[in-house]
Structures are given as C-alpha cells and as structure tokens.
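The values are calculated or read from the model by the stated rules, or taken from the named source; none is laboratory data. Every value quoted in this text rests on a predicted model; they were computed, and no experiment measured them. So basically every Cβ, Gly included, is an ideal-geometry build from the backbone, and we count neighbours across all protein chains shown.
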Amino acid sequence: MEIIKNLHSYLAYVVLAILILAVFNAISGLMSKREFTMHKDLRVSLFALILSHIQLVIGLLLFFISANGLKAIQTLGMGGLNSAARLLAVEHPFTNILAIALITIGWSRHKKKEDSGKKFKSIAIFYGLGLLLILLRIPWGQWFS
C-alpha cells in the first residue's frame, strides 16, 4: 500500500504540472488567436486528460485499501471524522472526481468544435475549473509535513 500511496503523491506533481501547462496553453492560444494544432495543443490536452485519469484510478484504489479512505468512514462513521480525516476520506476524493469529470467534459466539448478559439476556450474553462478544484482539496498538510 505504501507504494501506491507514494505513486499517488509523486504523480500528483506531474499531473498538476501538465494541467497547468494545458490551461496556460489554452489561454495563450485563445488570446493569440492561433490555430489549434494536432502536434502541440491536442497532445498537451490529451496528455493532461490521460494523466489525470490515471491519477484518479490510483487515488480510487488508495481510497479502498487505505485506512484513511473507506475504512475510516466505516470505522468512525461520517460524524466521527475530524476535519483532517474528513478531508482525506470524503472531500479530497469527491472533489477530485468532480475535477476529472470537468476535465473530461472539456476534452469532449473541444472535440466537437471546429473553430480553434472555441476549442481553446473549452479546454481553458473546463481544465481550469478542474485544476482549481484539485488545488482546493489537496491535503497540503501531508505534502509538506
């Protein structure tokens, strides 16, 4: 289980970096009114999508096998969780599922658009919202302790 926890923790840095890159790339493309290219723009967005989904799968696996996830809820009940335990067992997983859903929606919407500006806008908005949710519910105390 320690390997999965470490993988989830270290992969988080990579996912955050590629999501930030994808959001800034989309904002840059939107502002500069450049063409959405398969070589750069599609690949950055797709890589962010794939890595975020891999991170979600690892996180869900950790939720089910870790003492801080489902077992904490089963043992203590929802009312028995303190704020740190609630963050790990409820808020972090739920918020990140929503974040990945938003990123997936952004990917799906961009594929349906013909106009480059609309492609960039879909990615900027939905990936940006997903990134914001992820940043809001990272257990920062664990990362820096």
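Of all residues in segment 113-138, those that are among the polar types (S, T, N, Q) have Cβ atoms under 6 Å from Cβ atoms of residues that are at pLDDT 95 or above and assigned to a helix (DSSP H, G or I), 6 or more apart or on another chain, in SER122/GLY106; SER122/ARG109; SER122/HIS110. The single residue among ILE138, ILE100, ILE134 that is farther than 25 Å from SER32 by Cβ and not in a helix (DSSP H, G or I) turns out to be ILE138. Residue by residue through segment 4-39, note down the ones that are more than 9 Å from PHE120 (Cβ to Cβ) and β-branched (Val, Ile, Thr). Listed by number, the residues that qualify are ILE4, VAL14, VAL15, ILE18, ILE20, VAL23, THR37. Among the conditions (1) touching a residue at least 40 places away in the same chain (Cβ under 8 Å); (2) under 19 Å from the mean Cα position of the chain (by Cα), the only one that SER108 does not satisfy is (1).
Among the residues of segment 81-100, just one is hydroxyl-bearing (Ser, Thr, Tyr) and more than 11 Å from the chain's Cα centre (by Cα), namely SER83. The set of residues from segment 36-80 being more than 17 Å from the chain's Cα centre (by Cα), aliphatic (A, V, I, L, M) and buried (at least 18 other Cβ atoms within 10 Å of the Cβ) comprises just one member, ALA72. Contact map, segment 8-24: residues that are in contact (Cβ under 8 Å) with a residue 24 or more places away in the chain and over 16 Å from ASN96 (Cβ atoms) paired with residues that are surrounded by 18 or more Cβ atoms within 10 Å (Cβ to Cβ) and among the polar types (S, T, N, Q), Cβ distance under 8 Å, separation 6+ or inter-chain. Pairs shown: ALA22/SER45.
For segment 70-88, state whether one or more residues are free of Cβ contacts under 8 Å to residues at least 24 places away in the same chain and at positive phi. Yes, segment 70-88 contains a residue that is free of Cβ contacts under 8 Å to residues at least 24 places away in the same chain and at positive phi. Suppose we keep only residues that are in contact with a helix residue (DSSP H, G or I) (Cβ under 9 Å, 6 or more places away or on another chain) and among the hydroxyl-bearing types (Ser, Thr, Tyr) within segment 42-82. Which one would you say is nearest to PHE24 (Cα to Cα)? Here the answer is SER45. The single condition among (1) touching a His at 6+ places or on another chain (Cβ under 8 Å); (2) closer than 23 Å to TRP140 by Cβ; (3) in contact (Cβ under 8 Å) with a residue 60 or more places away in the chain that GLY59 does not meet is (3). Scanning segment 93-131 for residues that are in contact with a Leu (Cβ under 8 Å, 6 or more places away or on another chain), among the aliphatic types (A, V, I, L, M) and surrounded by fewer than 17 Cβ atoms within 10 Å (Cβ to Cβ) gives ILE97, LEU98.
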